[in-house]
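Here is the structure we will look at.
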Amino acid sequence: MQRRRAQTANARWYAVSIFFLAYLISIVDRQLLSLLLVPIQNDLQVSDTLMSTLHGFTFAFFYSVMGLPIARMIDAGNRRLIISLGIFVWSLATAGCGLATEYWHLLIARTLVATGEVALLPGACSIIADFFAPNERGKAMGIFSSGGTFGNSLSMLVGGLLFAAFSDLELVLPLVGRLQTWQLVFVAIGLPGIVVAALVLTIQTPERRSSSGNAGVPLAAVVQYLSEN
């Protein structure tokens, strides 16, 4: 019995640690654009208005619009798989920003970053809530959410160090040509997320608690409730 309890405790804290890491890299990927705005703007000859739209409105719009349907999928589907796919998509999209040679390339990549990242919060919170009793959830959620704070701190530090390290590096790819320093930073930051996506698949998914299965509510009822409240 004690061994089984220890295995359960290890499994749930392992899940929290993986979600912490995923949240950290999601914020790093999201905020990296702030550091690289000027070199991107100079290289692609993009106006201030378009860059601000790319950095703010585009990400926020798709993050908000895709949030509800993806969260509903998490309520009804395989949470672990959906989270892993989300991380895989946003990581590839972040690396894809490094292959952009036109503004619209970046625009598409940023929409995919937003769409992928939206799966993490509802999915991780759902699994953590099922793993932990009410009197333990605060600690687990606090550790998980601190990944965002660390991500904000590391995004500029890691991005700046990589930018300096890649400043003299030359890499030429077919069809894309020579990658600029800011492109190399995006690729270097984005690709490691694929490893985290694979790690999510190693998490043991707990059984859903009785209070967490609301996926059977018709969508029309959800819309009516939102309109009335």
Worksheet entry | For peptides 13-21, 195-203, sequence by mean Cβ density within 10 Å, most packed first | 13-21, 195-203
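Mind pulling up the Rg/Rh value for region 93-229? Radius of gyration and Kirkwood radius, both on Cα. Before the final figure, lay out the partial values.
Working: Rg = 20.1 Å, Rh = 18.5 Å.
A ratio of 1.09.
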Worksheet entry | Three-way shape label, region 40-99, alpha-carbon gyration tensor, a/c 1.5 | oblate
Worksheet item: Using the C-alpha gyration tensor of the chain, what are the square roots of 5 times its eigenvalues, in whole angstrom, with the largest one first?
Response: 35, 22, 14
Worksheet item: Roughly to the nearest percent, how much of the accessible area of the chain is carbon and sulfur, given a 1.4 Å probe?
Response: 64
Worksheet entry | Mean-position separation - Cα centroids, region 14-39 and region 68-130, in angstrom | 12
Worksheet item: Largest first, how would 125, 97 line up by accessible area (1.4 Å probe)?
Response: 125, 97
Worksheet item: What is the packing order of peptides 107-113, 134-140, taking the mean over residues of other C-beta atoms within 10 Å and listing the highest first?
Response: 107-113, 134-140
Worksheet item: Okay, helix-only estimate at 222 nm for the chain: each DSSP H run of n ≥ 4 adds -39500 (n - 2.57), divide by all residues, round to 500 deg cm²/dmol; what do you get?
Response: -25500 deg cm²/dmol
Practice prompt. Might you tell me the accessible area per residue for the chain, computed with a 1.4 Å probe and given in Å²?
Written response: 53
Practice prompt. Quick one, could you list the DSSP H helices from the chain stretching 18 Å or more along their long axis (Cα atoms) with average Kyte-Doolittle hydropathy of 0.0 or above?
Written response: 2-44, 58-76, 79-97, 103-117, 134-165
Practice prompt. Starting from one equal scatterer on each C-alpha and no solvent at all, send me the Debye-based log10 I(q)/I(0) for region 114-168 at q = 0.17, 0.18 Å⁻¹, two decimals.
Written response: -0.69, -0.73
Worksheet item: Short version: what are the Cα gyration tensor semi-axes of region 1-125, square root of 5 times each eigenvalue, largest first, in whole Å?
Response: 34, 15, 10
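The values are calculated or read from the model by the stated rules, or taken from the named source; none is laboratory data. Treat the numbers as computed from the prediction; the structure is a model and nothing was measured. Every residue, glycine as well, gets a Cβ built from its backbone with ideal geometry; the counts of neighbours run over all protein chains shown. These accessible areas exclude ligands, DNA and RNA; they are computed on the full protein's heavy atoms, side chains included. Shrake-Rupley method; radii C 1.70, N 1.55, O 1.52, S 1.80 Å.
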